[in-house]
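First up is the structure itself, then whatever we jot down about it.
Here, each number is a calculation from the coordinates, and none is a lab measurement. As the structure is a computational prediction, the values presented were derived from the model and not from experiment. Here the Cβ positions follow ideal geometry from the backbone for every residue, glycine too, while neighbour counts run over all protein chains shown.
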Amino acid sequence: MIVVDDDPDMLRGLHRLLRQYGFKVALFDSVESFQNRADLSAASCIVLDVNLRDGSGIELRRQLSERDASLPIIFITGNDSDATRNAALQSGCAAYLTKPFPAQSLIEPIRRALAALT
């Protein structure tokens, strides 16, 4: 499981939550750190913030698709809008969540995405 979010508190919270549910988690605080260090072959899903300080999560999703990286993506955002939601959904995400969200709102789409991979 990979989490990309530039909010340190959100990263810590998601790390704690996902570990509680038994997921091994790699954390990245920027597009650049993700691109430089992420091991996609070891990942099962990506939880990706839409608005990162150094780029767009939606654009990063498009780049991954162009590289044939077909990992399920769950977008999270604190700045919801119709345009953002539509762009995220059109990019082929497994879920789109608005911060703050209940734990089960994240865990359930992860479980569905992982079940679809098997």
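Rounded to the nearest 20, the size of the Cβ-charge dipole of the chain about its Cα centre is 460 debye, with Lys and Arg at +1 and Asp and Glu at -1. Less than 5 angstrom separates the built amide H of Ala43 from none of the residues sequence-distant by 5 or more or on a different chain. For Cys93, no residue whose modelled amide H falls within less than 5 Å of its own remains once neighbours fewer than 5 places apart on the same chain are excluded. Listed by Cβ neighbour count within 10 Å, with the fewest neighbours leading, Thr118, Thr77 appear as Thr118, Thr77. Ranked by the mean number of other Cβ atoms within 10 Å of their residues, highest first, the peptides 84-93, 103-112 come out as 84-93, 103-112. Within the set of other residues whose C-beta is less than 9 Å from the C-beta of Val4, count the net charge using Lys and Arg as +1 and Asp and Glu as -1. Summing Lys/Arg as +1 and Asp/Glu as -1 gives -4. Lys/Arg Cβ at +1, Asp/Glu Cβ at -1, dipole of the chain taken about the Cα centre: which of Ala103, Ala38, Ser70 is farthest positive-ward? Farthest along the dipole direction, towards plus: Ala103.
Computing Rg and Dmax of the Cα atoms in Å directly from the structure and comparing it against (i) 13.3, 47; (ii) 18.1, 51; (iii) 12.8, 34 singles out (iii).
Annotation: the antiparallel percentage among DSSP beta bridges lying fully within the chain is about 10. Other residues within the sphere of radius under 11 Å centred on the Cβ of Gln90, judged by their own Cβ, net out at +3 (K and R +1, D and E -1).
For region 1-66, DSSP calls about 25 percent of its internal beta bridges antiparallel. Within the shell defined by Cβ-Cβ distances under 9 Å, the residues around Arg53 carry a net charge of -3, with Lys and Arg each +1 and Asp and Glu each -1. Summary value for the chain: 22 percent relative contact order, contacts being C-alpha pairs under 8 angstrom separated by 6+ residues.
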